[in-house]
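The values are calculated or read from the model by the stated rules, or taken from the named source; none is laboratory data. Only a predicted model underlies this, so the values are computations on that prediction, with no experimental measurement involved. Positions of Cβ are generated from backbone atoms using ideal geometry, with glycine treated the same way; all protein chains shown enter the neighbour counts.
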Amino acid sequence: MHETPEEIAALQALLDRSYATAGPHLLRIHTPERRLTAQQLIDKLQGMRLLTLATVTADGRPITGPVDGVFLHGALHFGSAPDSLRFRHIAKRPQVSATHLPGEELAVTVHGRATPVDIQAPEGADLRRALLDIYVPRYGAEWEHEFLDSGPVYARIDAERMSTFSMPAA
C-alpha cells in the first residue's frame, strides 16, 4: 500500500461525494453495505488490475479498450504506446472513464481526466517503482529495459466521480 493518510481521506471524500450526487438507480444497486470504503478499495486494487478504459473520439463517440491498471496514491494509472488511439484521443480530449470488473462480485468505476505521468521524471518515480514491482517478477529483470524504457506512456485518472460495488459470492 502506497497511500498516505491524506490520500486515503481524499479518496473516501471522493467516494462520499460521488454517492451523494448519484442517481436513484445506482443507489438502489450500490446500497451502503455493498460499497467499499477507501481502505477496502485500496486493499482490493493491489497489483495490476485489468480495466476497460473509455476515451472520446473527435465526434463524441466513446471507444473502449482494455488496459493494465495500477492503483497508486489513491488513483488509477494506465499505460499504452504513445501512438495508440487512446493516447491520441487523450491528447485532445482528456475525459476518460474506466471500469475494473473482474466478475459479478466486484466493480470499480471512475470518471475523470487523464493526466500524463512521466515515469522517467522524479514525479513519476513512484509509478515506475510500482510497475517494476508488478512486472519484473512476472517477466524478468530485462522487462525494465526491453519494455519500460522503450517508450510506453502512462497517465493517472484524476477522478471526478468514483463508485464501488462489492458483493462477495455466497
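Details
- Some residue of the range 117-126 being under 17 Å from the mean Cα position of the chain (by Cα), of a type in the set (S, T, N, Q) and on the phi < 0 side of the Ramachandran plot: no
- Restricting the range 1-24 to residues that are more than 13 Å from S163 (Cα to Cα) and loosely packed, with under 13 Cβ neighbours inside 10 Å, the residue that is farthest from the chain's Cα centre (by Cα) is P24.
- Residue match in the range 136-153 (condition: of a type in the set (A, V, I, L, M, F, W, C), over 27 Å from H30 (Cα atoms) and within 12 Å of the chain's Cα centre (by Cα)): no
- Any hit, the range 26-49, residues being of a type in the set (G, A, S), at positive phi and out of contact with any helix residue (DSSP H, G or I) (no Cβ under 7 Å at 6 or more places or on another chain): no
- In the range 38-63, of all residues being among the hydroxyl-bearing types (S, T, Y) and surrounded by 15 or more Cβ atoms within 10 Å (Cβ to Cβ), the one that is nearest to the chain's Cα centre (by Cα) corresponds to T52.
- With respect to being at pLDDT 95 or above, in contact with a helix residue (DSSP H, G or I) (Cβ under 9 Å, 6 or more places away or on another chain) and of a type in the set (K, R), R128 fits the description.
- The set of residues in the range 87-99 being buried (at least 17 other Cβ atoms within 10 Å of the Cβ) and either modelled with pLDDT under 95 or within 13 Å of G112 (Cβ to Cβ) (or both) consists of I90, P94, V96, S97, A98, T99.
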